[in-house]
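To start, the structure under review is shown below, and the notes come after it.
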Amino acid sequence: MARVSQEHLDARRRQILDGAARCFARDGFHATSMQDVLREVGLSAGAVYRYFSGKDDLIAAIAGEAVGAVREAFDRAARVSPPPTPDVLIGRVVRILFHDEANAARGLDRRAFAGLIVQVWSEALRSERLAATLDEAYTGLRQSWSGLVGLYRESGVLVTDVPDEHVARTLIAIAQGFITQVALFGDAGPEFLESGLRGLMSMNLQKAS
């Protein structure tokens with residue numbers, strides 16, 4: 001019997017994951033059955049179960065990829081010194097995350113991918129396994145972005161005495177909120193986020209007080 005190459009195995013696993021992601025994005029984790037996934041990918045049950053033991057295993061794999069994609073977007077956006085201003089930084093995060101070519105390869109548009117991420121966050125409320133994955137990613141992200149805020153402070157851009165972690169959490173929350181907006185309404189691109197943040201950053205706080 002001819003040996004199957006690792007490239008073939010990886011491509012088949014990718015095919016299954018992408019097909020399952022389309023099903024989950026379209027119908028949700030719990031309304032999607034394994035039969036739906038089999039029809040989507042055009043493979044036999046045996047071929048799919050060779051890679052995944054069942055739907056929960058598929059959900060965990062896709063959730064892990066979605067969590068990883070969010071963290072990678074944050075990490076890549078912050079890999080520049082000195083760090084850009086928050087409007088540029090957060091805009092860069094969502095542009096990396098919603099890279100249209102990457103999503104097109106999965107068969108997902110921007111709104112569908114955002115919806116998949118929101119589903120993952122929701123699923124973490126019932127799955128201890130996924131909650132642990134999400135907590136680990138968020139803790140690492142919060143720590144790395146607290147360091148980034150520290151660079152703002154060192155350069156003199158940030159003069160407030162608010163703790164670095166509080167600022168980092170807020171920056172992360174802005175991106176998370178934007179992802180949720182895209183999932184629910186699908187009517188905004190990164191440029192809305194960037195210009196909105198620039199507007200907030202231009203406020204004259206002396207007049208406000």
- Query: Of all the helices (runs of 4 or more DSSP H) wholly in region 93-166, which have at least 2 residues that are under 24 Å from residue 83 (Cβ atoms) and aromatic (Phe, Trp, Tyr)?
  - Reply: 128-154
- Item | Pairs, first in contact (Cβ under 8 Å) with a residue 40 or more places away in the chain in region 66-90, second of a type in the set (D, E, K, R) and surrounded by fewer than 18 Cβ atoms within 10 Å (Cβ to Cβ), C-beta under 8 Å, six or more apart | 87/198
- Message: Could you go through region 155-169 and let me know if any residue there is in contact with a Phe, Trp or Tyr (Cβ under 6 Å, 6 or more places away or on another chain), closer than 21 Å to residue 76 by Cα and of a type outside the set (A, V, I, L, M).
- Response: no
- For the subset of region 71-104 comprising residues that are aliphatic (A, V, I, L, M) and open to solvent by less than 20 Å² (accessible area, probe 1.4 Å), which member is farthest from the chain's Cα centre (by Cα)? 89
- Of the candidates 11, 66, the one satisfying the condition of being under 21 Å from residue 118 (Cα atoms) and of a type in the set (Gly, Ala, Ser) is 66
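The values are calculated or read from the model by the stated rules, or taken from the named source; none is laboratory data. Just so it is clear, the model here is predicted, and its values are computed rather than measured. Glycine gets a Cβ as well: all are built from the backbone with ideal geometry, and neighbour counts include every protein chain shown. Only protein heavy atoms, including side chains, enter the accessible area calculation; ligands, DNA and RNA are left aside. Shrake-Rupley method; radii C 1.70, N 1.55, O 1.52, S 1.80 Å.
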